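Notes follow once the structure below has been shown.
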Amino acid sequence: MKYLERCHLLRYRLSTVPLNWLNLSRGSQLLLIAFSYGLGIVGIWLLFPPTHNGASMFLPIVTSCWLFRYRGLLISLFLNGIAFQLMYIFLLRGMLPDQAFVEGGIVGFVTSLGLGIIICWLRAAVDQVQVARQQALAAEQERLRILLKEQQITLAYEQQRKINALKDQFLLNVSHELRTPLTVLGGSLELLYEFGEQLDAMKRAHFLQKALESQADLVALVDHVLDATEIVGDVPGAHSEAINLKHLLQQVLAHLSQQDLTNYTICLQISEQIMVWADPQFLRQVLRNLFSNIFKYVPGQTEVHIEATQVDPSAMVYLHIQDAGPGIPVAEQPMIFERFVRLKRDLGGSTRGTGLGLYICKQLVEAMKGRIWIESSGRPGEGSRFCLNLLPAK
Ligand code: ADP
């Protein structure tokens, strides 16, 4: 393989001679000149007298003109003259009449000069093409650099725009969320303040109860937003441990509002043996968020199925919570786990929400190296299935 590669490289280099000589190192250039002089001198010696005009010295002329341009031409004409003279004096004297030698020398000199000038012109033309090519390359690089910078600016602008849109959405959601409990709280307190004495004890207790509920709603909302801002900044590290999934779910269900819970028929199908490797706090929060959504969006008197399966003890645990609510339209499913995303049908509705619950779920599940996704046909009544993959306990 290596041998083949080397052959290809050599073939390429030979096929691009003399253009690949444009950037030879100084050492290689001098070697080439020395080699061409060697060949030229051996040529005169062996081919004399037929090449008595020094025709074989064209080789160093061509090489030096190509490598060193007009400077090369001058020096090599001078050196060729000396080489020719010395050869004649010391080796070839008497092998040719003096007259023929002088004529051959003049013809050789004039031909070398002509040939050298042509090669120098050629080299100058190639140099110009090279310079133009380099300028074009530099211009193209500059154009690409500017394009890249423009793209970076557009990207930064786009990101800024998205952040602003998110902030607007956040403010809109939160103010929408705040309005209802604040109105109820204010209304109840105002009624108690204005007409407290005229109201009987039952009514007073009722309004106080409403005020307290709204206050609890406000606290829950603030907690929710705080949770989300914490997670937006930096997802906390999970402190995972082996957890019995069924026991944890039973705990979560026991701590949910029993009033909400009795509205639904909960079917829990989880084997006692299933153990997951998860952060109990994170997992509780994820399950609480999913149940709180069910209470908000799924009509009562319907069934909620909670099931977990595991193919073998080393496989991921698959947990799903299936409701019989309005479902989630397929087109909106890809965004449902993003920040501040609420379904279009709920944006104008009376059900309150910040669009942060599922985002928090996703961040927490991923912090535990799990996965969460939604499966829903989007058809009302067919419901939504929130699916989780959790690590098995080691
Ligand atoms: P929030 O409930 O605060 O609006 P979430 O991130 O928890 O935010 O949910 C995002 C949106 O997904 C909700 O606004 C709602 O439109 C939709 N959704 C969530 N859970 C369900 C569900 N079980 N059934 C139908 N729609 C749901």
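The values are calculated or read from the model by the stated rules, or taken from the named source; none is laboratory data. If you're wondering where the values come from, they're calculated on a predicted model, not measured in any experiment. Reconstructed Cβ throughout: ideal geometry from the backbone, glycine too, with neighbour counts over all protein chains shown. The accessibility values were calculated without ligands, DNA or RNA, using every heavy atom of the protein model including side chains. Shrake-Rupley method; radii C 1.70, N 1.55, O 1.52, S 1.80 Å.
Just one of (1) modelled with pLDDT under 90; (2) assigned to a helix (DSSP H, G or I); (3) touching a helix residue (DSSP H, G or I) at 6+ places or on another chain (Cβ under 7 Å) fails for Lys203. It is (3).
Figure legend. Inter-residue proximity from segment 288-309: first residues assigned by TED's automatic domain parsing to the domain that holds Thr354, second residues within 11 Å of the ligand (Cβ to nearest atom) and among the aromatic types (Phe, Trp, Tyr), beta-carbon distance below 7 Å, spacing 6+ or different chains. Indicated pairs: Leu290/Phe386. Based on this model, can you work out whether Gly355 counts as on the phi > 0 side of the Ramachandran plot, near the ligand (Cβ under 10 Å from one of its atoms), touching a strand residue (DSSP E or B) at 6+ places or on another chain (Cβ under 9 Å) and not assigned by TED's automatic domain parsing to the domain that holds Ala220? Against the criterion (on the phi > 0 side of the Ramachandran plot, near the ligand (Cβ under 10 Å from one of its atoms), touching a strand residue (DSSP E or B) at 6+ places or on another chain (Cβ under 9 Å) and not assigned by TED's automatic domain parsing to the domain that holds Ala220), Gly355 does not qualify.
Beta carbons closer than 6 Å, at least 6 apart along the sequence or on distinct chains, pair a first residue in segment 276-287 that is in a helix (DSSP H, G or I) with a second that is open to solvent by 20 Å² or more (accessible area, probe 1.4 Å) for Phe282/Ala238. Cβ-Cβ distances below 7 Å connect the following pairs, each with a first residue in segment 374-394 that is over 20 Å from Leu343 (Cβ atoms) and part of a loop (DSSP other than H, G, I, E, B), a second residue that is of a type outside the set (A, V, I, L, M) and more than 10 Å from the ligand (Cβ to nearest atom), and a separation of six or more residues or different chains: Leu391/Trp277; Leu391/Lys369; Leu391/Gly370; Ala393/Trp277; Lys394/Trp277. For segment 249-267, a residue qualifies if it is closer than 17 Å to Val286 by Cα and touching a strand residue (DSSP E or B) at 6+ places or on another chain (Cβ under 8 Å), and the qualifying residues are Leu249, Gln250, Leu253.
Would it be correct to say that Ile61 is on the phi < 0 side of the Ramachandran plot, open to solvent by 60 Å² or more (accessible area, probe 1.4 Å) and not in a loop (DSSP other than H, G, I, E, B)? The answer is no for Ile61.
Every condition in (1) without any contact (Cβ under 8 Å) to a residue 40 or more places away in the chain; (2) open to solvent by less than 70 Å² (accessible area, probe 1.4 Å) is met by Glu142 except one, and the failing one is (2). Just one residue in the set Arg284, Arg342 is charged (D, E, K, R), more than 10 Å from the ligand (Cβ to nearest atom) and within 34 Å of the chain's Cα centre (by Cα); that residue is Arg284.
Which residues, counting only those in segment 293-338, are over 31 Å from the mean Cα position of the chain (by Cα), β-branched (Val, Ile, Thr) and part of a strand (DSSP E or B)? Give the steps one after another, and end with the answer.
Just the residues of segment 293-338 that are over 31 Å from the mean Cα position of the chain (by Cα), to begin with: 293-314, 319-327.
Filter again for β-branched (Val, Ile, Thr), leaving 294, 298, 302, 304, 306, 309, 311, 321.
Within segment 293-338, Val304, Ile306, Thr309, Ile321 meet the criteria.
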